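These notes concern the structure reproduced below.
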Amino acid sequence: MAAPFHDPLVVPVGDEFLGLSTDLRFQNVTGRLSQDLLTWSEPFSLLAETPAPVLRHVKTNHFWAPELVKRGDTWRLYYCASRPGKTQSVIGLAESQDPRGPFRYVGDVVVSTHSDTFTQANAIDPCVAKDREGHDWLIYGSFFGGIHILPLGEDGFPTEYNEGLCIAGGNHLPVEGAYVHYHAPSDRFVLFTSWGNLAEDYHIRVAYSQEITGP
């Protein structure tokens, strides 16, 4: 089927593929299955229900840019929800033994409140990446406060109670959708970010660093 597939994430599951994306036609975090990466099933919900803290903080059932990683025997789903145009957002964590769900809400990972200065980190677009020692880091953020990185503990939650280090953007620069990948042949970390105006000059930039925290 042809369908919107924004902020795509595709994960191999057995002999098929699980695709996650932003699709505001549907409530909840949705997934699709495919055997050839061309034909996809109808979307189905991954979360058992919308977590109450999300409803209280952002008052929405629509989610953006999900991230899915496997740690041990557990699949961790990092999801985000936001009030458009504001920095009032939340990144939450849900877990399941099956990547197809249903996922059970565990807790809020990063929560941001709205500020008219638009200088604080916005809790959207989560990415989880490992450093050379195998430790997890959360990369997140967007316009306004820029892209930030926070260390995660073995439970999947931040080990620091702050916004983390800003590694790209800030000062109202139009950046979002960060993704970090370790490139073993060059022993470097690669940062992909989306920049610009969606209706005019939207584009992807790539940057390299010897450390996951930059510069």
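Annotations
- Computed with a 1.4 Å probe over protein heavy atoms only, the accessible surface of the chain comes to 50 Å² per residue.
- Entry for Cα extents along the principal axes in Å (calculated from the structure that is shown) out of (1) 43, 40, 38; (2) 122, 35, 35; (3) 51, 33, 30: (1)
- A probe of 1.4 angstrom, applied to the heavy atoms of all protein chains, finds Ile167 with accessible area near 40 square angstrom.
- A simple spin-label model places the labels of Glu133 and Val111 3.0 nm from each other, with each point 7 Å out along Cα-to-Cβ.
- If R0 equals 22 Å, the separation of the Cβ atoms of Arg71 and Phe44 corresponds to a calculated FRET efficiency of about 0.45.
- Along the chain, the exposed loop sites are chymotrypsin sites (Phe, Trp or Tyr not before Pro) outside DSSP states H, G, I, E and B with at most 13 other Cβ atoms within 10 Å, and the longest stretch free of them is 1-160.
- Fully extending the segment from Glu154 to Phe192 would add 11.2 nm, taking 0.36 nm per residue of separation and subtracting the current Cα-Cα distance.
- Sparse-neighbour loop sites [GluC sites (Glu not before Pro); region 46-143; at most 15 other C-beta within 10 Å; DSSP]: Glu49, Glu133
- Of all lysines in the structure, the ones whose alpha carbon falls short of 16 Å from that of Lys86, not counting any fewer than 8 places away in one chain, are Lys59.
- Listed by chain and number, the lysines placed with their C-alpha closer than 19 angstrom to that of Lys130 are Lys70; residues fewer than eight positions away on the same chain are left out.
- In order through region 43-48: 3J(HN,Hα) via Karplus (6.51 cos²θ - 1.76 cosθ + 1.60), integer Hz, x for Gly, Pro: x, 9, 6, 9, 7, 4
- Look at the alpha carbon pairs under 8 Å that are at least 6 residues apart: their mean separation over the length of the chain gives a relative contact order of 11 percent.
- Applying the criteria of a DSSP loop state and at most 13 other Cβ atoms within 10 Å to the trypsin sites (Lys or Arg not before Pro) of region 1-93 yields Arg25, Lys59.
The values are calculated or read from the model by the stated rules, or taken from the named source; none is laboratory data. Since this is a predicted model, take the numbers as computed values, not measurements. Heads up, the Cβs are rebuilt from the backbone with ideal geometry, glycines too, and the neighbour counts pull from every protein chain shown. Protein only, heavy atoms only, side chains kept; ligands, DNA and RNA dropped before computing areas. Shrake-Rupley method; radii C 1.70, N 1.55, O 1.52, S 1.80 Å.
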